[in-house]
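The values are calculated or read from the model by the stated rules, or taken from the named source; none is laboratory data. This is a predicted model, so every value here is computed, not measured. As a convention, Cβ positions derive from the backbone with ideal geometry for all residues, glycine included, and neighbour counts pool all protein chains shown. Note: areas computed on protein heavy atoms with side chains; ligands, DNA, RNA excluded. Shrake-Rupley method; radii C 1.70, N 1.55, O 1.52, S 1.80 Å.
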Amino acid sequence: MSAPIATADAAPMNRRQTLEALSGLLLVLFVAMLSSTVVSTALPKIIGALNGSQTQYTWVVTATLLTATATTPIWGKLADLFNKKLLIQVAIVVFLAGSVAAGFAHSAGQLIAARAFQGIGVGGLQALVQVAIAAMIPPRERGRYNGYLGGVMALATVGGPLLGGLIVDTSWLGWRWCFFVGVPVAVIALLLLQVTLHLPTARRDNVKIDYLGATLIAAGVSLLLVWISFVDDSFAWLSWQTGAMVGGSVLLLALAVLVESRAAEPVVPLEIVRERTTALAILGSLAVGMAMFGGAVFLGQYFQIGRGYSPTEAGLLTIPMMAGVLLSSIVAGRLITASGKIKPYIVAGSVILVAGFALLGTIDHETSLVLVGAAMFVVGVGVGMTMQNLVLAVQNTVALKDIGAASSTVAFFRSLGGTIGVSVLGAVLARRVTDRITHDLAAAGIPTSGGSGGSTLNLAALPEPVRNIVRAAYGDATGHIFLISAAIAVVGILAALLLKPVTLRSSLDLPDTARSVAVAADAVDGAPAFDEVAVDVMGPGERARR
């Protein structure tokens, strides 16, 4: 494999140019994340209109998460080999095609297929936006921009359910606009990026893409997520289906590790994953992923079913979490840029996240909305202080040539943790709700029909006594879910405490890596390439000194 040769195809970006490029990147990240959250409050009406089943209800969400999770590391590796701007634009086009197909779906099966295709684009955008930002801004300066990134993610995570509720509550729009609404925004972002985003291109001869490793990773993760989606519903935890799926997933991932350890260009470089900071950031990201996805899914359900609010009102009631993420992202980002220290903020955020989950663990169907809002705000602060800073800690430890693989690896495990968390906690919630409804109906002398009351979410069609029992069951069971989340999030605290206390570098690339890459290019081409490469990989301060 020949050495990489960098080209200075873009002048150093000043602050105005950086903000212009960020505007397009953040816009496309917003619409990608919005596509996953906008359906959370609208899904009951969507599945009802398409005459779908409860299993299809789950898969409309899971299909997108599955393909996004499975393809994230592949997109990240491609970003280390090819033009990052072009890859982002390809991911936007894939996302647009999936969105349009979902909007025109005439059956639940078609909708699931379209959402799965859309997820491929979502996975690319979630990974590539952070890779592009890392290629533009040195780690030390990146902290001040993380506030924008955290704010966009907060707005999409919490604002999505509100927008979805408004769309389905507006008669002249209809549920299809939950998928169409992102199309014009994505088109604007595509055009904006063409004009504003200018990144150096690393051209490499004889590039080898690890297709076998990528296939094994995608297949192993997909099989695991399929099992998580169906276990305890279609089959038992201890069953031959569980053995086959879990065993098959473990075998596929073990083969993937073997292939990756021998590949010339591995999709997930094992030396990066084995690095202490990356490994600990992965553990911390699992807890943050659960907070992002679980918070939106279970709190929206709590407000609608457990408290009786409309989809629009449920979206409005989740605003405190968005405010917490936005505020803490901005404040922590600026403090990190000023000091160069990142570990104290990740540790503090992890502790706050556990405290927020613990507070949410006390809620029931009669808890004061003030207390619920305060607990959500605390969770939002914890997410804002940890989510992007875990990625930043990893990016600070790797060379620019590996920034795509490193960033996407953390995003991959965060998405995987969120998917697993939502599926497992959802199964626990369903079991507790069913048991509680069955018990309370029997205590009230109301006959049950095979325990089906727990699966009936059309509360308006239920008699008043049964409706009250169902509401109380959902409201009280939700608190138990967040207690489990708090226990799992303790792992994030341990991971944060074990992080190395480092000062973020002020250059885009590791100084030693920049010089070695330049010397290698010089040796291959016989040309004085050092100055050209140094301009591409060094930060503004280093450029000035050279």
(message) Could you go through the stretch 357-365 and let me know if any residue there is at pLDDT 90 or above and within 22 Å of the chain's Cα centre (by Cα).
(response) yes
(request) Name the single residue, out of those in the stretch 251-293 being more than 24 Å from the chain's Cα centre (by Cα), under 21 Å from Asp80 (Cα atoms) and among the small types (Gly, Ala, Ser), that is modelled with the highest pLDDT. (result) Ser261
(message) If I filter the stretch 468-482 down to residues being among the hydrophobic types (A, V, I, L, M, F, W, C) and within 26 Å of the chain's Cα centre (by Cα), which single residue comes out as surrounded by the most Cβ atoms within 10 Å (Cβ to Cβ)?
(response) Phe482
(request) Mind listing just one residue for me: the one in the stretch 76-95 that is under 19 Å from Leu34 (Cβ atoms) and within 17 Å of the chain's Cα centre (by Cα) and, of those, surrounded by the fewest Cβ atoms within 10 Å (Cβ to Cβ)? (result) Ile92
(request) Among the residues of the stretch 14-36, write down those that are at pLDDT below 75 and either under 22 Å from the mean Cα position of the chain (by Cα) or under 25 Å from Gly421 (Cβ atoms) (or both). (result) Ser36
(message) Suppose we keep only residues that are touching a Phe, Trp or Tyr at 6+ places or on another chain (Cβ under 7 Å) and either on the phi > 0 side of the Ramachandran plot or part of a helix (DSSP H, G or I) (or both) within the stretch 21-43. Which one would you say is surrounded by the most Cβ atoms within 10 Å (Cβ to Cβ)?
(response) Ala32
(message) I'm trying to understand the selection: among the residues of the stretch 153-180, which are in contact with a Phe, Trp or Tyr (Cβ under 6 Å, 6 or more places away or on another chain) and at pLDDT 80 or above?
(response) Ile167, Val168
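One line per residue, one yes/no per condition, for (1) open to solvent by less than 20 Å² (accessible area, probe 1.4 Å); (2) within 22 Å of the chain's Cα centre (by Cα); (3) at pLDDT below 90; (4) closer than 25 Å to Glu265 by Cα:
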| position | (1), (2), (3), (4) |
| --- | --- |
| Ala332 | yes, yes, yes, no |
| Thr337 | yes, no, yes, no |
| Ala348 | no, yes, no, no |
| Leu369 | no, no, no, no |
| Val378 | no, yes, no, no |
| Thr397 | no, yes, yes, yes |
| Lys401 | no, no, yes, yes |
(message) Any residue at all in the stretch 219-241 that's open to solvent by 50 Å² or more (accessible area, probe 1.4 Å), under 23 Å from the mean Cα position of the chain (by Cα) and either acidic (Asp, Glu) or over 22 Å from Ser415 (Cβ atoms) (or both)?
(response) no
